Amino acid sequence: MNALKHVTFAAGLALAPVDAGGAESSGWQALADERAVIRIADAIDRAVDAQDWKLTRSYFADRVTVDFSSLSGQPAATIPSDDLIGIWAGNLRGSKTSLHLRTNHQVVLEADAATVASNGYAWNRMEGNGDPLWEVWGTYEHHLVRSGARWKVDGFIFRATHERGNSWVKTTPGQ
């Protein structure tokens, strides 16, 4: 089984495009780093949707620069990651559910830093005031730094391109 993993991995490396969104694989480590940072961006979505705030927090550095200005109108800010997770936990709880999806990842690796750009979709549902749905499409950009043997998100931008549905669902915390 172990030999099969190595052959499959080597075949994937050999067949990978030379330019995968700016991250030219210079070997096994670059490919492993690229996969790791994509996995973290995706894992944040899964943890948020599961309302697993401890796991969500584990993907972030102690401080994070966040920019949700396209949704909130508030300027980008550098805040403690605990505050970001607290805001999400306060909004997405109990009767309010969410689904986050992302695709078309493009990774740029630079020594001990990485940027993952992707297209994203988010859906929130909560009963109680008309249409129970609110959804948004846009682009994400995660900036990560290597912290020891792990990658951590220290920057997070969402640029909304379209939204529809009940804005009450967007702005009202779950009960």
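The values are calculated or read from the model by the stated rules, or taken from the named source; none is laboratory data. Given the structure is predicted, the values throughout are model-derived calculations rather than measurements. As a convention, Cβ positions derive from the backbone with ideal geometry for all residues, glycine included, and neighbour counts pool all protein chains shown.
When segment 66-95 is filtered for residues that are outside any helix (DSSP H, G or I) and more than 18 Å from Val48 (Cβ to Cβ), the ones remaining, listed by number, are Gly73, Gln74, Pro75, Ala76, Ala77, Thr78. Within segment 59-88, the only residue that satisfies the criterion of being among the small types (Gly, Ala, Ser) and crowded, with 18+ Cβ neighbours inside 10 Å is Ser81. Say we look at segment 110-145 and pick out the residues that are more than 22 Å from Arg46 (Cβ to Cβ) and assigned to a strand (DSSP E or B); which of these is modelled with the highest pLDDT? Selected residue: Ala113. Inspection of segment 36-44 finds no residue satisfying the criterion of being under 25 Å from Ser167 (Cβ atoms), free of Cβ contacts under 8 Å to residues at least 40 places away in the same chain and either touching a strand residue (DSSP E or B) at 6+ places or on another chain (Cβ under 6 Å) or surrounded by fewer than 15 Cβ atoms within 10 Å (Cβ to Cβ) (or both).
Checked across segment 159-168, the condition of being modelled with pLDDT of 95 or more, surrounded by 14 or more Cβ atoms within 10 Å (Cβ to Cβ) and closer than 19 Å to Ala47 by Cβ holds for no residue. Do we have Ala61 as in contact (Cβ under 8 Å) with a residue 24 or more places away in the chain, under 18 Å from Arg159 (Cβ atoms) and not hydroxyl-bearing (Ser, Thr, Tyr) here? When the stated conditions are applied, Ala61 does not pass them. The set of residues in segment 69-103 being among the charged types (D, E, K, R) and touching a residue at least 60 places away in the same chain (Cβ under 8 Å) consists of Arg93, Lys96, Arg102.
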